[in-house]
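Read the structure below first, then the notes.
Read-outs: derived from the displayed coordinates by stated rules, not from any lab. Because the structure is predicted, anything quoted here is derived from the model rather than measured. All Cβ positions, glycine included, derive from the backbone under ideal geometry; neighbour counts span all protein chains shown.
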Amino acid sequence: MNEKYTIIVGLLCLAALALLPGAVCADDDLLDDDVLFQVSTIDALMQGVFDGFYSFHDLQAHGDFGIGTFDSLDGEMIAVDGDYYQVKADGVAYPVQGNMTTPFSTVTYFKADQTIAVQNASNYTMLSRQIDQKLPSKNMFYAIRIDGTFPYVKTRSVPAQKKPYPRLADATKNQSVFEFSNVTGTVVGVWASEFSKGLNVAGYHLHFITADRKAGGHILDLKVDRADVKVDVTPGFAMQLPTTGDFYNVDLSQDLQSELKKIEN
């Protein structure tokens, strides 16, 4: 980690040793593969800090799997198997160019540590409950991946915003909503602990992309008949913060959880 960036690193060594047999806190594999790398904070995004500042060329060096958004909030980002996609408000997934930038993203190198079998999850809440029961700790970050055919997936994307930027809650009022039936694809996302409120979405934040990589978005709801949920335990955390722009003056002392809950659902 020799890049010139402002970084907060939290390697939860005791948790890593407990959850990952044979793990060593100073091991290169842990540093490289088991770090959740995040660009900016969710509370900054909530308050309209939409200017992209971190290039996808640089972001790709930190992970092959993850979610996020784009400069001016122009769509939903999905990274899977090393390929990055932008699902715009037209519902189409476009390949991401390295010179594009992000105001908020979370990525890692995905390597499954656990597989959780789920079945008969009639909605997002039921799926979450089934996974929750099998997670080894509530004090950890997890990357979540589900491959399969889903009876129903409901997603959204948001069009690019113009300055002066609105709050995220206002921007999503003009979101495009897409519904898929019996669709094959991949759920990509992150589970973050309650202690990360304000930094990331506490709980599940999931995106979806179809198997042909042509459509997807931020998941609003889904149904799962039967699937294996792959979980990557991620005890390392690193953050890149903006060094200029609106971020310097935004008030990050507020509790925005109730507002965030309405946006996520």
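Calculate I(q)/I(0) for region 72-127 by the Debye formula, one identical point scatterer on each C-alpha and no solvent, and give its log10 at q = 0.29 Å⁻¹ to two decimals.
Taken in order of the listed q values, log10 I(q)/I(0) reads -1.15.
What percent antiparallel are the DSSP beta bridges of the chain, to the nearest 5? Mind dumping the intermediate values first?
On the way: 69 of 76 bridges.
Percentage antiparallel, nearest 5: 90.
What FRET efficiency comes out for the pair LYS173/SER122, r = Cβ-Cβ distance, R0 = 25 Å, nearest 0.05?
Values: r = 27 Å, r/R0 = 1.10.
Rounded to the nearest 0.05, the efficiency is 0.35.
Picking from MET140, MET126, MET239, which is most flexible by a Gaussian network model of the chain using Cα springs under 10 Å?
Between MET140, MET126, MET239, it is MET126 that shows the largest mean-square fluctuation.
With N residues in region 7-264, what two-decimal value do you get for its Cα radius of gyration over 2.2 N^0.38 Å?
Numbers: Rg = 17.1 Å, N = 258, 2.2 N^0.38 = 18.1 Å.
Scaled against compact globular proteins, the figure is 0.94.
Among 205-212, 99-106, what's the highest-first ranking by average C-beta atoms within 10 angstrom per residue?
On the way: 205-212: 20.0, 99-106: 22.1.
With the highest mean Cβ count within 10 Å placed first, the list reads 99-106, 205-212.
Taking θ = phi - 60°, what integer Hz values does the Karplus form 6.51 cos²θ - 1.76 cosθ + 1.60 yield along region 100-117, in sequence order, with x for Gly and Pro?
So the J values, rounded to whole Hz, are 6, 10, 10, x, 7, 7, 9, 9, 7, 8, 7, 8, 5, 9, 8, 10, 10, 7.
Which residue, chosen from GLY245, TYR85, GLN47, occupies the Cα position most advanced towards the positive end of the dipole of region 7-264, where the dipole is computed from +1 (Lys, Arg) and -1 (Asp, Glu) charges on Cβ about the Cα centre?
Ranked along the dipole, the leading option is GLN47.
Per-residue HN-Hα couplings for region 82-96, Karplus 6.51 cos²θ - 1.76 cosθ + 1.60 at θ = phi - 60°, whole Hz, x for Gly and Pro?
x, 9, 10, 10, 10, 8, 7, 5, 7, x, 8, 8, 10, x, 8
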